[in-house]
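Notes to accompany the following structure.
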Amino acid sequence: MEVKLLSYTNNPKKVIYSAARQCYSKLSAYKIYTDREKLTSGKLKKFISHLVKRGHLSPLEHVSFTFSATGLSRVCTHQLVRHRVASYSQQSQRYVGMDDFEFVVPKAIKSNKEAEALFIESTDYLKNKYKQIREILEKNIKLDKEKINQDLRFLLPQGCQTKIVLTMNSRQLLHFFSERLCLRAQWEIRELATKMLIFTKKILPEVFSAAGAKCKKLSFCPESADGCPLNPQKDKTS
Ligand SMILES: Cc1cc2nc3c(=O)[nH]c(=O)nc-3n(C[C@H](O)[C@H](O)[C@H](O)COP(=O)(O)OP(=O)(O)OC[C@H]3O[C@@H](n4cnc5c(N)ncnc54)[C@H](O)[C@@H]3O)c2cc1C
């Protein structure tokens, strides 16, 4: 899986600061934003860290990050798009033919030669059938390519690789990380979250150094994850 940062809100720290400061000021956010003298990097850092600690999080919503993720499975993106406070654009299996689709092979399956061979045999089987059905449809039913792809995709496995662009604001990213960096979350979406966090932490450490599985904030595991190395379950905390 490859995750790239496409873009993020300009001057993110100044945007957060101005939005938050304006709540307690007679000045407009614009005046605060453009006051070069007062906005030192030390001041911004201290203010934003304090804001996050206090849980005054609405100013974070004005700063968004846009990522491009490729080489991940539809299993993963199906989980991703359950996060509703976000925007998505995903490669279509209707406009893009999937004749030679690539797929994600889970590590556990890869680790066993017999399992891996069976897995690859199964996906090869599906690929062949996909092509055969296309040929039949093209020959016998005069449908355009798009309509054929549209029906052929019913055959595609969830492990099929896909490409997706996603945009989340910083507050939602904190929530996303709290859900998907949990060791109970499925490995592929955890990998996606881990890669996204590396970018956001570099750009906004004041906000994202505190990010992590929800147990990080709670100091106990709200999931019934026995033996999780991060934090004990609530009834097992002393
Ligand atoms: C370990 C794990 C296991 C999971 N297992 C399953 C499973 O078995 N089956 C399954 O279906 N899902 C499962 N999920 C998905 C989970 O139920 C959520 O759908 C997903 O994590 C998105 O979370 P969310 O709704 O908080 O996020 P978002 O949709 O991004 O929403 C963010 C927050 O906005 C608020 N919000 C958004 N929309 C509404 C709304 N309509 N009404 C009220 N408040 C709203 C909520 O406070 C929400 O937390 C699992 C998730 C995890 C992390």
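Each value in this text was obtained by applying a stated rule to the coordinates, not by laboratory testing. As the structure is a prediction and not an experimental result, all values here were calculated from the model. Every residue, glycine among them, receives a Cβ derived from its backbone with ideal geometry; neighbour counts consider all protein chains shown.
From the square roots a ≥ b ≥ c of the eigenvalues of the alpha-carbon gyration tensor of the chain, which class results: rounded (a/c under 1.5), prolate (a/b over b/c), or oblate?
oblate
I'd like to verify something in the chain: which complete DSSP H helices, judged by Cα projection on the helix axis, reach 18 Å or more and average at least -0.5 on the Kyte-Doolittle scale?
TM-like helix candidates: 41-54, 187-203.
Across segment 73-86, in residue order, what do the Karplus-derived ³J(HN,Hα) couplings come to in whole Hz, using 6.51 cos²θ - 1.76 cosθ + 1.60 with θ = phi - 60° and x for Gly and Pro?
8, 5, 4, 5, 5, 5, 6, 4, 6, 5, 7, 7, 8, 6
How would segment 82-180 be classified by its alpha-carbon gyration tensor: rounded, prolate or oblate, with rounded meaning a/c under 1.5 and the a/b versus b/c comparison settling the rest? Don't skip to the answer; put the middle values down first.
Numbers: a/c = 4.18, a/b = 1.36, b/c = 3.09.
It comes out oblate by the Cα gyration axes.
Show that you can apply the helix-only estimate: for the chain, add -39,500 (n - 2.57) for every DSSP H stretch of four or more residues, divide by all residues, and state [θ] at 222 nm to the nearest 500. Spell out each step's value before the answer.
Working: 11 runs with 115 residues, N = 238.
Theoretical 222 nm ellipticity from helices: -14500 deg cm²/dmol.
Just want the answer: with Cβ charges of +1 for Lys and Arg and -1 for Asp and Glu, which residue in PHE67, ILE141, SER49 is farthest toward the dipole's positive end in the chain?
Farthest towards the positive end: SER49.
Could you check the simple spin-label distance between ASP35 and ALA117, using points 7 Å along Cα→Cβ, in nm with one decimal?
Computed distance between label sites ASP35 and ALA117 equals 7.2 nm.
Ranked by Cβ crowding within 10 angstrom, fewest neighbours first, how are VAL96, VAL15, VAL52 ordered?
Exposure proxy ranking, most exposed first: VAL96, VAL15, VAL52.
In nanometres, what is the gap between the two model label sites at ALA86 and LYS145, each 7 Å from Cα along Cα-to-Cβ?
3.1 nm
Please work out whether segment 8-136 counts as rounded, prolate or oblate from its C-alpha gyration tensor, where a ≥ b ≥ c are the square roots of the eigenvalues and a/c under 1.5 means rounded, while otherwise a/b larger than b/c means prolate and anything else oblate?
prolate
Within the set of other residues whose C-beta is less than 12 Å from the C-beta of GLY42, count the net charge using Lys and Arg as +1 and Asp and Glu as -1.
In short, +4.
List every residue whose amide H lies under 5 Å from the amide H of PHE103, counting only residues 5 or more places away in sequence or on a different chain, with H placed 1.01 Å from N in the peptide plane.
Amide H neighbours of PHE103, under 5 Å, 5+ apart: GLN161.
Assigning unit charges at the beta carbon (Lys, Arg +1; Asp, Glu -1) and nothing else, what dipole magnitude in debye, to the nearest 20, does the chain show about its Cα centre?
On the way: 42 positive and 23 negative charges, 285 e Å.
With only Lys, Arg, Asp and Glu charged at Cβ, the dipole is about 1380 debye.
What residue among THR123, THR34, THR77 shows peak mean-square fluctuation when the chain is described by a Gaussian network model with Cα springs under 10 Å?
THR34
LYS131 to ARG94: FRET efficiency via 1/(1 + (r/R0)^6), r the Cβ-Cβ distance, R0 30 Å, to the nearest 0.05?
Result of the calculation: an efficiency of 0.95.
Identify which of TYR30, TYR130, TYR88 has the largest mean-square fluctuation in a Gaussian network model of the chain, with springs joining Cα atoms closer than 10 Å.
Highest fluctuation of the listed residues: TYR30.
Give me the one-decimal nm value for the distance between modelled label points at ARG54 and SER25, 7 Å along each residue's Cα-to-Cβ direction.
With each label point 7 Å from Cα toward Cβ, the separation is 1.4 nm.
For segment 107-133 and segment 19-39, what is the separation of their C-alpha centers, rounded to whole Å?
Each part's Cα centre sits 58 Å from the other's.
For segment 146-225 and segment 75-102, what is the centre-to-centre distance using only Cα atoms, to the nearest Å?
Cα centroid of segment 146-225 versus Cα centroid of segment 75-102: 14 Å apart.
For a quick check of your reading of the filter: which trypsin sites (Lys or Arg not before Pro) in segment 1-67 sit in a DSSP loop and have no more than 12 other Cβ atoms within 10 Å?
Listed in order of number, the matching sites are LYS26, ARG36, LYS38.
GNM on the chain, C-alpha springs below 10 Å: top fluctuator among PRO12, PRO222, PRO157?
Evaluated over the chain, the most mobile residue of the options is PRO222.
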